[in-house]
Structure formats: C-alpha cells, structure tokens
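Data block below; observations after.
The values are calculated or read from the model by the stated rules, or taken from the named source; none is laboratory data. Just so we're clear, the structure is a prediction, and the values are computed from it rather than from any experiment. Cβ sites come from the backbone with ideal geometry, for glycine too, and all protein chains shown count toward neighbours. The area values use the complete protein model at the heavy-atom level, side chains included, leaving out ligands, DNA and RNA. Shrake-Rupley method; radii C 1.70, N 1.55, O 1.52, S 1.80 Å.
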Amino acid sequence: MTTMSYISTRGGSAPMGFQQAVMTGLAEDGGLLVPCSLPDVRDRLEVWRSLAYPDLAYEVLRLFTDLPDADLRALVDRSYRVFRVPEVVPVVPVGKVHVVELFHGPTLAFKDIALQFLSNCFEYILERENGELNILGATSGDTGSAAIHGVRGRERIRIFIMHPKGRVSPLQERQMTSVLDDNVFNLAVEGTFDDCQSIMKSLFEDVPFKQTHSLGAINSVNSARVLAQIVYFFYAGLRVLEQTGASRVRFSVPTGNFGDILAGYYAARMGLPVGKLILATNENDILTRFFTTGVYAKGTVVPTISPSMDIQVASNFERYLFDRVGRNPEMLRAMMADFKVSGRLSVPVGEGGEVDPLFFAGTGTTRDTLDTIRHTYRESGYLLDPHTAVGVSVASRCFRDDEPMLCLATAHPAKFNQAIEDALGEDLAHHPILDQLKEAETRCDCLPADVDAVRAYVQEHCTP
C-alpha cells in the first residue's frame, strides 16, 4: 500500500489519498487532481519487460493507490479478464510501425482499459462505505459506451452520459443508447462535445449540488483514468525495446482531450525510454498549434471522420500545464482564468521555437486519414480506424531508424465502418458485437446545451 497523495492543479483542495481522489473526480476548486510526485522506476524496467499485462498493471498501479495489495490484485484481475485476447494489449508489426491494439475490451475502444479498472474501483469503495454514486460524464464517442458498460446494472451506481447530438458515429451512439439498464441515462445534447464537457465541469464546480447528489466523474478528469493508461505505454514500449534491441522508442498518439498522451508523458517522466511523443490531431488542432507555437487558442469545432477527436478544449491539458509552470497553482489559476475569458493562453518557447523537446505535433486531415487507411490496407492488409490513421499519418513524418515507432490503435475499425468504406470502396469493417446492434432497441433523452437543463434532469433521476 502506497502513501501517494493527490493535489489539485489549482491549489485549493487539501491533499488526499487515492480512494478519495477516485470518488472526488474533479477537485472542488475546479482543478484536476494529480499525484504529488511521479515515482522513478528505471531500476524496475528489466523485471517489468517480461510481465504479463495484469501483472504489470498491478506493479504500476500499486505505486499510486492506497488499496491493500490483495484487493488491488483482485481489482486488476477482474478488470482485465473481460478482454478478448490473453495479451490484453497486443503489439502488431504493420509496415514501418508497431500498432498497439488497445481495442480488445468490451466496447472495442481503448477507453475500456481504464474504465474497467475505474468502475471496479467505484464498486469496491462504495461497498466498503455503504455509499451510492451518480456518475456524470461527457463523451465525444468512446468514453460513453466504455463507462456505461463498466457500470451497467450495478446497484449503487447511476450513470448520466452526455454526447453531442449527431456528432458521434452511429455505432458509437448505438453502443450507448442500446444499454437499457435502469441505472443508465443517455443524454443527447444539442451542441458540441466541448459544450457537454463545459456543462459537466460547471456542475462539478457547484459544490453543494455535487455533494447533495453524490456526483462522481468517469471522464479522464478522474485521475485513476490516466494512471491506468500509463500501464500500456510501459507494456508496449518495453516489449518493443526487448524485440528490437533499441535504446528508446517513439509513440504516436491520436488525441483530442490530451488524456492518452498525458499518460505517455507520465510514463516518460517515470523512466520509460521515450525518444519522442508524437501528438496527432485532426483538423481540430488546438493541441498541435500549442506544441508548435506555444499558443493555446480555442477555435471552432470542425466535424470530421475521426469524431472522438473533434474537441477544441482539452480537459487534461491543465495537468500538463501545471507541470509546465513548475507546479505553481497560483500561476496556473491565473492562466486558466484568462483562458476562460479570452479563449487563449501562451507559454514561453525555446530559442529555436521549440515548445517541449519531448513532443512532436502534427495534424492529419481527413484526406490524410483516408489516404493512410487506403495505403496501410493495400501495403499490409491491415485495417486502421480513422483515429488510429491520424496517428499513423503524423508518425510517418518523423521516423527514426534507431527509435522504433509505436502507434496507438484506439478503436476497432468496425466502429467507423463508413470511413473505411469511403477510403477503400468496400464494406470491410465488421465485428459481430457491432453488427448485432443494428436492430437493438435504444433509449435516449434530448436536452439543450444548457447547464440548468442538465442539472434539473440529474436531480429528477438520481433519486430512486
């Protein structure tokens, strides 16, 4: 059992343990909870190279949790036995890259890896405390279904998931809305994902409402999400290092909300030999613009064929920015306050214009995405979903012979079969789980992009 504590990026909350951080979600001062420090694990890497995924997950997570070792081991085993392949996260050579397949969980998306663990943590803590939880979440596609499937039917939990109406793929929407358990509430919000995320944060910052209605967070604002994602960077990176004899690896990460690549950033800071983190965005490129100019400026959300990345305000970016300003909460608070008013903030850049030497950032347009799906399939017979294709496209701009390139595959291609058909001219992307959804009964309520409307809905439905 560790003594790790968690602090708010904005400095207004007392340090807390892992279990309290899990249940708190978003800090009451509006900040994000982060570990007070990151452990140096360089002396453990040799042993970690040979561990199976659940064993490695246990070793990594025990550095961050206050759970008894036996209980943590049971939670980890329960979380990953539901995956469809024994490796949990296979690493597959495809042309010049190693594709890290993160989509073998219940909903065929990388979010399952963290959300299975987080859901089991919720249940464990609630049973010990004889408590109940009302989860409020926002999704641009995959988080919603992974969260819903993680907690469906659980007696002590209700879940309210907002998605932007008409802005997730039809299969992503059906994965959510076809879950008819009494504790599941799907909300189609007439706006963008950023609207959904803003509503969620506003309700969490309403401390009396949050406490009265026992609100919990399952989005990546919950620190446990990011911690669980650190594991697959170590797992995949160490395996490729072992196979190739290289001294460092590169990771290409398609990202919109900065949570996935934040986990890679933490892994690198903990001692994983990472030569470069490639941050790949679609046309919604606020993060690419930041890492190439030092300016973080909100734009207008553009609908694309990689809808889970159609985001202009990346909630996890605040965790990175906290480190960037030397973990100074006063400075961070001032920057975020300015951003809330102006939609813009900036950081100093190096003499050569470099924002952070660990990061390379680039944009994969819709045309790039379709071309990459087409080229990869023709050359290797491998189907990429459009989000993964964004990552592979940007990765192709910064290969290095001595640093193997690992590209995170964030979803099964069948979740975006129309994009695959547009790229290849054939309906090739299928999965039996998704094919069964076409005739499934669905349930969903539509609400305006208004915080008071969502507040009233939650209040009405959170009492049995």
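Listed residues MET23, MET16; which is closer than 19 Å to MET4 by Cβ, modelled with pLDDT under 95 and of a type outside the set (S, T, N, Q)?
One residue alone meets the criteria, MET23.
Within the range 301-338, the residues that satisfy the criterion of being β-branched (Val, Ile, Thr) and either open to solvent by less than 40 Å² (accessible area, probe 1.4 Å) or over 22 Å from the mean Cα position of the chain (by Cα) (or both) are VAL301, THR304, ILE311, VAL313, VAL325. The range 349-464 holds strands (runs of 3 or more DSSP E) entirely within its bounds, and those carrying 1 or more residues that are open to solvent by 50 Å² or more (accessible area, probe 1.4 Å) map to 359-363, 445-448. In the range 249-278, which residue that is within 19 Å of PRO386 (Cβ to Cβ) and of a type in the set (Gly, Ala, Ser) is modelled with the highest pLDDT? Of everything passing the filter in the range 249-278, SER252 is modelled with the highest pLDDT. For the residues THR281, THR304, THR292, THR288, the requirement of being more than 20 Å from PHE360 (Cα to Cα) and either free of Cβ contacts under 8 Å to residues at least 24 places away in the same chain or not aromatic (Phe, Trp, Tyr) (or both) singles out THR304.
Of the helices (runs of 4 or more DSSP H) that lie entirely inside the range 186-264, those containing 2 or more residues that are among the acidic types (Asp, Glu) and open to solvent by 10 Å² or more (accessible area, probe 1.4 Å) span 193-205. The residue that is least open to solvent (accessible area, probe 1.4 Å), among those in the range 103-135 that are touching a Pro at 6+ places or on another chain (Cβ under 8 Å) and assigned to a helix (DSSP H, G or I), is ASP112. Kindly check whether there is at least one residue in the range 168-184 that is under 18 Å from the mean Cα position of the chain (by Cα), closer than 19 Å to LEU33 by Cα and surrounded by 24 or more Cβ atoms within 10 Å (Cβ to Cβ). No, the range 168-184 has no match at all. Checked against the criterion of being farther than 27 Å from LEU108 by Cα and either among the charged types (D, E, K, R) or not in a loop (DSSP other than H, G, I, E, B) (or both), the candidates GLY275, GLY299 yield just one match: GLY275. Taking every residue in the range 42-57 that is assigned to a loop (DSSP other than H, G, I, E, B) and pairing it with any residue that is open to solvent by 20 Å² or more (accessible area, probe 1.4 Å), at least 6 positions away or on another chain, the pairs with Cβ-Cβ distances below 9 Å are ARG49/ARG239; ARG49/GLU242; SER50/GLU242; LEU51/TYR58; LEU51/GLU59; ALA52/PRO86; ALA52/GLU87. Just one of the numbered conditions (1) free of Cβ contacts under 8 Å to residues at least 40 places away in the same chain; (2) part of a helix (DSSP H, G or I); (3) surrounded by fewer than 22 Cβ atoms within 10 Å (Cβ to Cβ) is not true of GLU155: (2). Annotation: of all residues in the range 27-52 being over 15 Å from LEU227 (Cα atoms) and either among the basic types (Lys, Arg) or within 21 Å of the chain's Cα centre (by Cα) (or both), the one that is most open to solvent (accessible area, probe 1.4 Å) is ARG42. Here's a check for you: in the range 84-102, which residue that is assigned to a loop (DSSP other than H, G, I, E, B) and farther than 17 Å from LEU51 by Cα is least open to solvent (accessible area, probe 1.4 Å)? If we take residues in the range 84-102 being assigned to a loop (DSSP other than H, G, I, E, B) and farther than 17 Å from LEU51 by Cα, then LEU102 is least open to solvent (accessible area, probe 1.4 Å). In the range 409-425, the residues that are within 18 Å of GLY391 (Cα to Cα) form Cβ pairs under 7 Å with partners that are of a type in the set (S, T, N, Q) and open to solvent by 10 Å² or more (accessible area, probe 1.4 Å), at six or more places apart or across chains, as follows: LYS415/SER169; PHE416/SER169.
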